[in-house]
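**Q** Next up is a structure, given as C-alpha cells.
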Amino acid sequence: MNKICTSLEQSKKLIKLGIDLKTADMYWHKKFDGTLSLRADNLMVKLDTPCWSLAALLGTMPSVIKRKGKRMFLTLEKAGAYNLYYKSPDRLDELWETKEEPVDACYEMIELLHKENLI
C-alpha cells in the first residue's frame, strides 16, 4: 500500500503517549463534510490532528537505548516485510517489530518503547 504516515488512530495514540507534537510533519485535516485529507503545509488549525511520516517517526526514536544494562542499537531493514529492531552487540537482547509497512513498524516500536519506559 505504501503508507506514508500514521493513520488518524495511530496519530491520536502517539499524542496520548506524549510524543512531541512539534515532531509531526503532516496532519489530518477534517473537512466540513466530515471527510479527512492529508496535508503537509503550515496551515494546521486546532481541529486538525498531527501525524508523522516515516522520517518523523524515526526521528522520535533514539538510535541507542540502554536496557538491562546493555546498549542496544536501532536498525531498520527490509526482508520481505520491514524489520525494525534494537539489538545489543552481543545479540543476547533485542526488541523487535516486523510489519508490512515501515510506518507501522515504527509506530509499534514507539508503543513498545513507551511500555518499557525506554523513551
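The values are calculated or read from the model by the stated rules, or taken from the named source; none is laboratory data. Values in this document were obtained by computation on a predicted structure and should not be read as measured data. Glycine also receives a Cβ, built like all others from the backbone with ideal geometry; neighbour counts cover every protein chain displayed.
**Q** For I110, only one of the following conditions fails: (1) within 13 Å of the chain's Cα centre (by Cα); (2) modelled with pLDDT under 95. What is its number?
**A** Only one criterion in (1) within 13 Å of the chain's Cα centre (by Cα); (2) modelled with pLDDT under 95 is unmet by I110, namely (2).
**Q** Another one. Being of a type outside the set (D, E) and within 13 Å of the chain's Cα centre (by Cα): is that true of L58 here?
**A** The answer is yes for L58.
**Q** Within the group L38, L57, which residue is closer than 18 Å to V103 by Cα, in contact with a Cys (Cβ under 7 Å, 6 or more places away or on another chain) and exposed (fewer than 14 other Cβ atoms within 10 Å of the Cβ)?
**A** L38
**Q** Hey, among the residues in segment 62-96 that are surrounded by fewer than 13 Cβ atoms within 10 Å (Cβ to Cβ), part of a strand (DSSP E or B) and of a type in the set (A, V, I, L, M, F, W, C), which one's farthest from the chain's Cα centre (by Cα)?
**A** Among those that are surrounded by fewer than 13 Cβ atoms within 10 Å (Cβ to Cβ), part of a strand (DSSP E or B) and of a type in the set (A, V, I, L, M, F, W, C), it is A79.
**Q** Taking segment 21-60, which residues are more than 13 Å from Q10 (Cβ to Cβ), at pLDDT 95 or above and part of a loop (DSSP other than H, G, I, E, B)?
**A** Passing the criteria: only D25.
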